[in-house]
Amino acid sequence: MPKHRIDRLVWLLIFGGLFGASLGLFVLRLDAAMGWPLVAAGCVAVVCGVVLIWLRSRMKDDAP
């Protein structure tokens with residue numbers, strides 16, 4: 001996978017996850033059965049983004 005795609009995916013996962021988690025916290029007041037899965041999915045997305053940052057840092061550069 002090209003590095004620029006990984007970079008885009010990282011930002012998408014982190015910011016999308018934070019948005020989903022915050023949306024879940026707002027929904028939690030009205031409906032706990034719908035809020036907790038949103039919070040959990042958002043947190044999982046953020047963790048995946050952080051893991052991709054770590055993987056990206058371990059990749060070797062192709063340029064001399």
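Listed here are the residues, each with its yes/no results for (1) under 10 Å from the mean Cα position of the chain (by Cα); (2) at pLDDT below 95.
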{"position": "ARG5", "(1), (2)": "no, yes"}
{"position": "LEU13", "(1), (2)": "yes, no"}
{"position": "GLY16", "(1), (2)": "yes, no"}
{"position": "PHE19", "(1), (2)": "yes, no"}
{"position": "LEU23", "(1), (2)": "no, no"}
{"position": "ALA32", "(1), (2)": "no, yes"}
{"position": "ALA45", "(1), (2)": "yes, no"}
{"position": "GLY49", "(1), (2)": "yes, no"}
{"position": "SER57", "(1), (2)": "no, yes"}
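Only residues in region 1-16 that are touching a residue at least 40 places away in the same chain (Cβ under 8 Å) count as the first member; pair them with residues that are part of a helix (DSSP H, G or I) and not hydrophobic (A, V, I, L, M, F, W, C), Cβ under 9 angstrom, at least 6 apart or cross-chain, and list the lot.
Going by the 9 Å Cβ cut-off, the qualifying pairs are LYS3/ARG56; ILE6/ARG56; ASP7/ARG56; LEU9/GLY49; VAL10/GLY49; VAL10/ARG56.
In region 23-41, which residues are among the aliphatic types (A, V, I, L, M) and outside any helix (DSSP H, G or I)?
Of everything in region 23-41, just one residue is among the aliphatic types (A, V, I, L, M) and outside any helix (DSSP H, G or I), namely LEU30.
The values are calculated or read from the model by the stated rules, or taken from the named source; none is laboratory data. Since this is a predicted model, take the numbers as computed values, not measurements. Because the Cβ atoms are built from the backbone with ideal geometry, glycine has one as well, and the counts that use them run over all protein chains shown.
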